[in-house]
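Notes for the one structure printed next.
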Amino acid sequence: MQYENVAIPLGFAWSSPFVRWQGSLAEVPSTELAAAVTTRALADRHLDPDELGGLVLGWSVPQIDIFYGAPTLAGRIGAPGITGPMISQACATSVASIHAAAGSVQGGAGTQLVVATDRTSNGPLLVQPSPSAPGGTPRVQAWVTESFACDPWAGTSMLVTAENVARELGATRAQADEVAVLRSEQYAKAQAGDIPRRYLVPVEIPQGRRTLTVAGDEGVRPLTAEVAPTLPTVEPDGVHTYGSQTHPADGAAGCIVTTRERAAELAGGAGVAEILATGFARVGKSRMPQAPVPAAYQALADARLTFDDVHAVTTHNPFAVNDLWFSAQTGYPLERMNAYGCSLVFGHPQAPTGMRSIAELIVELTERGGGIGLFSGCAAGDTAAALVVRVTDGR
């Protein structure tokens, strides 16, 4: 879908640090984390919540009281007069949420706050009553782990989709390792260059007499060219190891979506990231890592652009083969993607993962003086979502 006069002010896309599941944020409900991070993000950017015209809340893992999620979050951040949709589209939730907000802005609904949050730690158990079953035994599902383990329509796990695509591509274990090492090196370079300071919002949550503070990503394991080949593959005949696939995590992220004129005012002369288009796609059964390619082409087509126009790319790539397939199909060089690392390294809290990569994409474009950026990432059900932005001076 193409958009006219919709933008994110530079500096107004943010993310909390991501924490490997069962870490420091394991017992913090994602709604509580979202409230803390969003409140801090708005305060740091001197944006009065009263200026907001609406809210989009993205999540994929249910939490206590999520039934009231959007209006409760609005009240907790000091904007009790607003509300908006709650969106859950697995790993595509961030783009889907921006898509909804951009449509509202384009329709004249005013400045929109987008928040995406998830906690994969301590995922809920879904207990479905089954009165007609023997003894009335209910059906029980571990929401997070069973969702990872099997797509109920395709009948395969996410890992199987990755190995299927690797075989189709003819990708080798060595190639998967090389991608994983490259992304780890890119992440380390960004950390050393203090890039996260541009978008990272620390977590500070009072807990009795102490305050839980998380200032940086937790649980990231550096991967080197020496270590990568020593890791066993997850599947005996597969190419992926635990070093070349992502890890579940907890986190929250967000952004402000508004008109280009208002974005320029909020940015105070720093410039804007115009939202040009979004694209969604679905591919063949059990071929999830292929989906970011048609989603990207759809978004670029709607923006009336091609890959020749693109200056920077970020991806959500839960498996190394995602980027191998993307590069092979589009011709976009692996080394020009994910300049600051990616979900393969910093982890995957699901709903906010794409938002963090979009924030990094905007920072990368800003650092180069502007240009066209593309984010594309896969999602459950062999689907994907993509977003095209253009960073300009706002004039």
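Just so it is clear, none of the values below were taken in a lab; they were calculated from the coordinates. No experiment lies behind these values; they were computed from the predicted model shown. When we count neighbours, we look across all protein chains shown, and the Cβ atoms used for this are built from the backbone with ideal geometry, even at glycine.
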Point to revise | Kirkwood-based Rg to Rh ratio, the range 70-127, C-alpha trace | key: 1.03
**Study point:** Cα-based Rg / Dmax (Å) for the range 247-395
**Key:** 14.8, 47
Check your understanding: What are the ³J(HN,Hα) values, in whole Hz, obtained from phi via the Karplus relation 6.51 cos²θ - 1.76 cosθ + 1.60 with θ = phi - 60°, for each residue of the range 273-290 in sequence order, with x given for Gly and Pro?
Key -> 10, 5, 8, 8, 6, 10, x, 10, 8, 9, 10, x, 4, 6, 10, 3, x, 7
Exercise for review: Rank the residues L324, L182 as a footprinting-exposure proxy: fewest other Cβ atoms within 10 Å of their Cβ go first.
Suggested key: L182, L324
**Study point:** Under the Karplus curve 6.51 cos²θ - 1.76 cosθ + 1.60, θ = phi - 60°, whole-Hz ³J(HN,Hα) for the range 97-105, x wherever Gly or Pro sits
**Key:** 5, 5, 4, 5, 5, 4, x, 5, 4
Point to revise | Per-residue ³J(HN,Hα) for the range 347-358, Karplus 6.51 cos²θ - 1.76 cosθ + 1.60, θ = phi - 60°, Hz, x for Gly and Pro | key: x, 9, x, 6, 3, x, 4, x, 4, 5, 5, 5
Point to revise | Dimensions in Å of the chain - Rg and Dmax from alpha carbons | key: 20.1, 68
Exercise for review: Would you grab the residues whose amide H sits under 5 Å from the one on H348? Only those 5+ places off in sequence or on another chain, please, with H modelled 1.01 Å from N.
Suggested key: H247, A249
Point to revise | Solution diffusion estimate, µm²/s, Stokes-Einstein, the range 220-288, Kirkwood Rh from C-alpha pairs, 37 °C, viscosity 0.692 mPa s | key: 190 µm²/s
Revision key, fill the gap. Amide H contacts under 5 Å for T241, restricted to residues at least 5 apart in sequence or on another chain and with H modeled in the peptide plane, are V234
**Study point:** Pairwise Cα inverse-distance average, inverted: Kirkwood Rh of the range 28-90 (Å)
**Key:** 11.9 Å
Practice item. Compute the distance in nm between two label points, each set 7 Å from the Cα along the Cα-to-Cβ direction, one at A215 and one at E168. Key: 4.6 nm
**Study point:** Cα lying deepest toward the dipole's positive end in the chain, options H247, T137, V28, charges on Cβ
**Key:** T137
Review point. For the chain, what proportion of DSSP beta bridges, expressed in % and rounded to the nearest 5, is antiparallel?
Key: 75 percent
**Study point:** Percent RCO, i.e. relative contact order, over the chain, from Cα pairs under 8 Å lying at least 6 residues apart
**Key:** 28 percent
Practice item. Taking the Cα centre of the range 262-395 as origin, sum charge times position over the Cβ atoms of Lys and Arg (+1) and Asp and Glu (-1), and report the length of that vector in debye to the nearest 20. Key: 320 debye
Exercise for review: Please build a GNM for the chain, connecting alpha carbons under 10 Å apart, and tell me which residue among N322, N164, N338 fluctuates the most.
Suggested key: N164
Practice item. In a Gaussian network model over the chain where Cα atoms closer than 10 Å are linked, find which of A174, A133, A116 has the largest mean-square fluctuation. Key: A133
Point to revise | Residue among T83, P349, A273 farthest towards the positive dipole end of the chain, charges placed on Cβ | key: T83
Revision key, fill the gap. Helix-only [θ] at 222 nm, the chain, -39500 (n - 2.57) per DSSP H run of 4+, per residue, nearest 500, equals -9500 deg cm²/dmol
Study note, to complete from the structure: PRE zone check, label point 7 Å out along Cα-to-Cβ of R197, amide N under 20 Å, scope the range 1-30, hits 10-18
Review point. Once amide H atoms are built 1.01 Å from N in the peptide plane, which residues 5 or more positions from C91, or in another chain, come under 5 Å H to H?
Key: A380
Check your understanding: Counting Lys and Arg as +1 and Asp and Glu as -1, each charge on the Cβ, what is the dipole of the range 218-335 about the Cα centre in debye, to the nearest 20?
Key -> 360 debye
Revision key, fill the gap. Rounded to one decimal in nm, the spacing of the 7 Å Cα→Cβ label points at T230 and A142 is 2.9 nm
Exercise for review: Go ahead and set up a Gaussian network model of the chain, Cα springs under 10 Å, then flag whichever of R262, R368, R20 fluctuates most.
Suggested key: R368
**Study point:** Signed unit charges on C-beta, dipole axis of the range 149-200, positive-most listed residue A192, A176, A162
**Key:** A192
Review point. Quick one: putting +1 on the C-beta of Lys and Arg, -1 on the C-beta of Asp and Glu, what dipole do you get for the chain around its Cα centre, in Debye to the nearest 20?
Key: 300 debye
